[in-house]
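A.B. asks: Got a structure here, written out as structure tokens. Questions coming.
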Amino acid sequence: MRAPTDIVLGIDPGSRVTGYGLIELRGRQLLYLDSGCIRTSHVEMPARLAEIFQGVETLVAEHQPSEVAVEQVFMARNPDSALKLGQARGAALAAVVRARLPVAEYAARQVKQAVVGHGGADKAQVQRMVCELLQLQRSPASDAADALAVAICHIHSRALRTQLNPRPRARPRRPRR
């Protein structure tokens, strides 16, 4: 019988391009499984949201991740852009929640800090570090690299939380008097 897999799906939501990245954790080793972009083809926002939902739903069915990590919405200068990004993120989250998967959310600065070492890293630095950490021969698309970075951030954050908050040991029972 095969041991249960520890696959994390990272998602970098966007209303036109949603990046995804799948990483398996084997022991302490990160293994690249897949990455890419869900590119929407429709002009109308509702149809784009449906494409994002269906794309994430297909990824979940194909790869059966155990957890999902999603980048949080940052407040852009343009409120309309932030709203569209939030809707795209909601469509991706709806597909994940429908599959009853646990979801973790990370701010872009947290992701950059976890992968590059500082929260102000640019996209090129994130791409380079993702390639190095996953030992990739070629760089994935920018949105896919961001999604892989979200998955890496989640795995590192989860490991750190486990170290800081180990499960409490069962206390021995006192004999009754």
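The values are calculated or read from the model by the stated rules, or taken from the named source; none is laboratory data. In this text, all values refer to a predicted model and were calculated from it rather than measured experimentally. Heads up, the Cβs are rebuilt from the backbone with ideal geometry, glycines too, and the neighbour counts pull from every protein chain shown. Heavy atoms of the whole protein, side chains included, go into the accessibility calculation; ligands, DNA and RNA do not. Shrake-Rupley method; radii C 1.70, N 1.55, O 1.52, S 1.80 Å.
A.B. asks: Given the condition more than 14 Å from Ala147 (Cβ to Cβ), outside any helix (DSSP H, G or I) and in contact with a Ser or Thr (Cβ under 8 Å, 6 or more places away or on another chain), answer yes or no: does some residue in the stretch 73-88 qualify?
C.D. replies: no
A.B. asks: Can you find, within the stretch 79-104, the residue that is most open to solvent (accessible area, probe 1.4 Å) among those that are aliphatic (A, V, I, L, M), under 21 Å from Arg158 (Cβ atoms) and free of Cβ contacts under 8 Å to residues at least 40 places away in the same chain?
C.D. replies: Residue satisfying both the conditions and the ranking: Val97.
A.B. asks: Moving on. Hey, Lys84 hits all of (1) under 29 Å from Val43 (Cα atoms); (2) at pLDDT 95 or above but one; which does it fall short on?
C.D. replies: Among (1) under 29 Å from Val43 (Cα atoms); (2) at pLDDT 95 or above, Lys84 violates only (2).
A.B. asks: Residues Pro102, Pro79, Pro65, Pro46: which one is at pLDDT 95 or above and more than 16 Å from the chain's Cα centre (by Cα)?
C.D. replies: Pro46
A.B. asks: Given the criteria surrounded by fewer than 15 Cβ atoms within 10 Å (Cβ to Cβ), assigned to a loop (DSSP other than H, G, I, E, B) and in contact with a helix residue (DSSP H, G or I) (Cβ under 8 Å, 6 or more places away or on another chain), does Ser15 qualify?
C.D. replies: When the stated conditions are applied, Ser15 does not pass them.
A.B. asks: Does the stretch 33-47 contain at least one residue that is in a helix (DSSP H, G or I) and either aliphatic (A, V, I, L, M) or closer than 13 Å to Ala147 by Cα (or both)?
C.D. replies: Yes, the stretch 33-47 has at least one match.
A.B. asks: So for the stretch 105-112 (the condition being in a helix (DSSP H, G or I) and either on the phi > 0 side of the Ramachandran plot or surrounded by fewer than 16 Cβ atoms within 10 Å (Cβ to Cβ) (or both)), does at least one residue qualify?
C.D. replies: Yes, some residue in the stretch 105-112 is in a helix (DSSP H, G or I) and either on the phi > 0 side of the Ramachandran plot or surrounded by fewer than 16 Cβ atoms within 10 Å (Cβ to Cβ) (or both).
A.B. asks: Same structure, new question: Consider Glu57 carefully, then state whether it is at pLDDT 95 or above, assigned to a helix (DSSP H, G or I), among the charged types (D, E, K, R) and closer than 29 Å to Leu83 by Cα.
C.D. replies: Considered against the rule, which asks whether it is at pLDDT 95 or above, assigned to a helix (DSSP H, G or I), among the charged types (D, E, K, R) and closer than 29 Å to Leu83 by Cα, Glu57 comes out as yes.
A.B. asks: Based on this model, can you work out whether Ile23 counts as touching a helix residue (DSSP H, G or I) at 6+ places or on another chain (Cβ under 9 Å) and without any contact (Cβ under 8 Å) to a residue 24 or more places away in the chain?
C.D. replies: Against the criterion (touching a helix residue (DSSP H, G or I) at 6+ places or on another chain (Cβ under 9 Å) and without any contact (Cβ under 8 Å) to a residue 24 or more places away in the chain), Ile23 does not qualify.
A.B. asks: Continuing with this model, one more query. Would you point out the residue of the stretch 49-72, among those that are open to solvent by 60 Å² or more (accessible area, probe 1.4 Å) and in contact (Cβ under 8 Å) with a residue 40 or more places away in the chain, that is farthest from Arg16 (Cα to Cα)?
C.D. replies: Gln64
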